[in-house]
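Notes follow the structure.
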Amino acid sequence: MASEASRAELNLRLFCVKTQISLVRNVRGAVFPGAMGDRAAKAFGKRLQGAIAARVQVEDLTDDDDLAEMAEVYHGLAPRNERGPGYRLLKATAPDGETTVWCEVMSANHLTFSVSGDFLDFEEKATLLRTFVDALAEPLEFVSTRELGYLTAQPTLVGTGLRIRTWMHLGGLAHFGYLRELCNAAEVKGTLVELERPESTPPGSLVILFNRFSLGAPMMEIVRRFKDFLVRVSEQETEARWRMLRDEPFVFLDILTRAKAVLKAATMMSAEEALDLLSDLRLGLTTGAITAKKVNPLDPHWFDDATERVFYRAHGRALRRKHVLPHDVDTFQPWREEALRAVWMRSLAGFSLSRELVERADEQ
C-alpha cells in the first residue's frame with residue numbers, strides 16, 4: 001500500500017502543474033456584486049476591506065500593475081478585465097505562518113479566499129484556508145442556510161462554497177486523442193474539464209480540472225474525491241507516456257528532434273508555440289527520452305512564464321536590455337515580444353536524446 005501511495009504521489013507530482021483552492025462567501029443583507037451600481041460596489045468593497053484588515057494583517061495589492069496582469073496566470077485570480085468597480089485584492093497569511101491567502105473582494109461574490117501553488121497536500125491546504133475563513137465568519141456575517149449551506153452568486157458553488165481546480169499537463173493523453181474521453185469520465189466522477197474543444201489539444205497540452213459540485217458532501221470529502229480522480233487521470237497519463245516511448249519511438253524521436261531544431265533556429269515565437277514546445281520537452285524529460293542540465297520541468301512556472309500576460313513583464317524587459325533587436329522589430333510590440341521569447345527559449349535546445357530512444361526508433 002505504501003508503494004502504491006508513493007507511486008500515486010509521484011505521478012501527481014509529474015502531471016499536476018498547480019492547484020487553486022478557493023472558498024466563496026457572501027455577507028448577509030447585501031445584494032451580490034453584479035446587482036450593485038458602481039458607486040455602491042466601490043463603497044461596499046472598501047467597507048469589506050476595512051472589516052478584514054481590522055482582524056487580520058493584509059497587504060493591499062489592488063493597484064499592483066504587474067500583478068493585475070499576471071494574477072490569473074500565476075494564481076488563478078480574477079483577470080484585470082473581469083474586475084468590477086468594487087474589486088480589491090488583498091494578500092494575507094494562513095494560520096501556519098507561511099501559506100499565502102489571496103482575498104478577492106467584490107469579484108463575482110462579495111469575498112473569495114484562495115490558496116494556490118504546486119502543492120499536493122490538498123486536505124492540509126484546504127484545512128488551513130477554512131480555518132482562516134471561519135475566523136472571519138462571525139464578524140463579517142457570512143450568509144448561509146441550514147438546508148443549502150453558504151449562498152453564492154454562482155449556483156455550482158452553493159453549499160460549501162468550495163472550488164478546487166488543478167492545471168494538469170496531459171501531453172500523453174492529448175497525443176493519443178483521449179481528451180474527449182477524459183471529459184466524459186470526469187463528468188461521471190463529479191469533475192469538470194475546462195476545454196473549449198475536447199477534440200483539439202490546448203496550447204501546451206494544459207488542461208484544467210475542477211469540482212462540479214460544492215453541495216451534497218462535506219468540504220473535505222469533496223477534496224478527497226477530487227484528488228482521487230486526479231490520481232486516476234495521472235495513471236492514464238503515465239500509461240500514455242510510456243506507450244509513446246514503447247510503441248511509437250520513431251514518432252517520439254521526430255517530435256523531440258523537431259523541438260530541438262525549432263528552439264535552435266527560431267527568431268520569433270508565439271506564446272502558443274512556446275507552450276507546445278515546453279510540453280514536448282516535459283514529455284521527453286519525464287520519460288527519460290531526453291536529458292538536460294539546469295532544467296527543471298517541475299518548476300511551478302514552467303508554462304506560466306511563456307504566456308502572453310507574463311512573459312514580457314517577468315523576462316522580456318531584462319532580455320531587451322541584453323539583446324539588440326532590429327529597429328522595426330523592437331518598436332513593434334508583437335514582433336518584439338515574439339523575438340525575445342525565441343531568445344528566452346533558445347537555452348532549452350541544449351538537451352540530449354537518450355540512446356535508448358534512438359535505438360528503439362532505429363529498430364521500429
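The values are calculated or read from the model by the stated rules, or taken from the named source; none is laboratory data. If you're wondering where the values come from, they're calculated on a predicted model, not measured in any experiment. Here the Cβ positions follow ideal geometry from the backbone for every residue, glycine too, while neighbour counts run over all protein chains shown. For accessibility, only protein heavy atoms count, side chains too; no ligands or nucleic acids. Shrake-Rupley method; radii C 1.70, N 1.55, O 1.52, S 1.80 Å.
For region 92-164, the relative contact order is 20 percent, taking Cα pairs closer than 8 Å that sit 6 or more residues apart in sequence and dividing their mean separation by the residue count. Within the shell of other residues whose beta carbon sits under 14 angstrom from the beta carbon of Leu348, the net charge comes to +3, with Lys and Arg scored +1 and Asp and Glu -1. Once the Cα-Cα distance is subtracted from the 0.36 nm per residue extended length, the Leu298 to Ser3 segment shows a gain of 104.0 nm. The angle separating the long axis of helix 271-287 from the principal Cα axis of greatest extent in the chain is about 70 degrees. Rounded to the nearest 10 degrees, the inclination of helix 38-53 to the longest alpha-carbon principal axis of the chain is 90 degrees. Its relative contact order, with pairs defined as Cα atoms under 8 Å and 6+ residues apart, puts region 229-364 at 40 percent. Put a dot 7 Å past the Cα of Ser270, heading toward its Cβ, do the same for Glu82, and the two dots end up 2.3 nm apart. Compared with the dominant principal axis of the Cα atoms in the chain, helix 65-75 is inclined by about 80°. When the C-alpha to C-alpha distance is required to be over 27 Å, the pairs from Lys18/Lys293; Lys260/Lys294; Lys264/Lys322; Lys42/Lys227; Lys42/Lys91; Lys18/Lys294 that qualify are Lys42/Lys227.
Nonpolar atom fraction for region 1-60, defined as the carbon and sulfur part of the 1.4 Å probe accessible area, stands at 53 percent. Farthest toward the positive end of the dipole of the chain, out of Tyr312, Pro85, Ala261, is the Cα of Pro85, where the dipole comes from beta carbon charges about the Cα centre.
Net charge around Arg360, counting only other residues with Cβ within less than 11 Å of its Cβ (Lys, Arg = +1; Asp, Glu = -1)? Around Arg360, the surrounding residues sum to -4.
Loop-resident GluC sites (Glu not before Pro) (DSSP state other than H, G, I, E or B) in region 142-199 with no more than 15 further Cβ atoms inside 10 Å of their Cβ: Glu147, Glu196, Glu199. Fully extending the segment from Arg224 to Ala53 would add 58.4 nm, taking 0.36 nm per residue of separation and subtracting the current Cα-Cα distance. When region 130-199 is described by a simple charge dipole with +1 on each Lys and Arg Cβ and -1 on each Asp and Glu Cβ, the residue from Leu182, Gly161, Ser144 located farthest towards its positive end is Leu182. Can you pull the accessible area of Phe44 for me, 1.4 Å probe, Å² to the nearest 10? Its accessible surface works out to 20 Å², give or take rounding. Per residue, region 1-49 exposes an accessible area of 54 Å² to a 1.4 Å probe, with every protein chain left in place. Charge tally around Gly50: other residues with Cβ under 15 Å, Lys/Arg +1 each, Asp/Glu -1 each, net +2. The phi-based Karplus calculation (6.51 cos²θ - 1.76 cosθ + 1.60; θ = phi - 60°) puts the 3J(HN,Hα) values of region 9-24 at 5, 5, 4, 4, 4, 6, 10, 7, 6, 6, 9, 10, 10, 10, 10, 9 Hz, whole numbers, x for Gly and Pro.
From the Cα gyration tensor of the chain, with a ≥ b ≥ c the square roots of its eigenvalues, which class applies: rounded if a/c is under 1.5, or else prolate if a/b is larger than b/c, or else oblate?
Values: a/c = 2.39, a/b = 1.45, b/c = 1.65.
Cα axes put the chain in the oblate bin.
When the Cα positions of Phe44, Ala108, Met70 are compared along the charge dipole of region 43-112, Phe44 comes out farthest toward the positive end, with charges on each C-beta of Lys, Arg, Asp and Glu. Centroid-to-centroid, using Cα positions, region 216-284 and region 22-76 are 35 Å apart.
When the chain is treated as a Gaussian network with alpha carbon springs shorter than 10 Å, the biggest mean-square fluctuation among Gly216, Gly84, Gly97 belongs to Gly97. In a DSSP loop and with at most 13 other Cβ atoms within 10 Å, the trypsin sites (Lys or Arg not before Pro) in region 74-182 are Arg146. Does region 1-149 come out rounded, prolate or oblate, given a ≥ b ≥ c as the square roots of the eigenvalues of its C-alpha gyration tensor, rounded meaning a/c under 1.5 and, failing that, prolate meaning a/b above b/c? Prolate, since a/c reaches 1.5 and a/b exceeds b/c. Pairs of Cα atoms nearer than 8 Å and 6+ residues apart set the relative contact order; for the chain it is 18 percent.
So which trypsin sites (Lys or Arg not before Pro) in region 276-322 end up in coil per DSSP with only 16 or fewer other C-beta atoms within 10 Å?
Details: sites: Arg282, Lys293, Lys294, Arg309, Arg313, Arg317, Arg320, Arg321, Lys322; in loops: Lys293, Lys294.
Loop-located and lightly packed - Lys293, Lys294.
Accessible surface area normalised per residue over region 211-364 is 53 Å², counting heavy atoms of protein chains with a 1.4 Å rolling probe.
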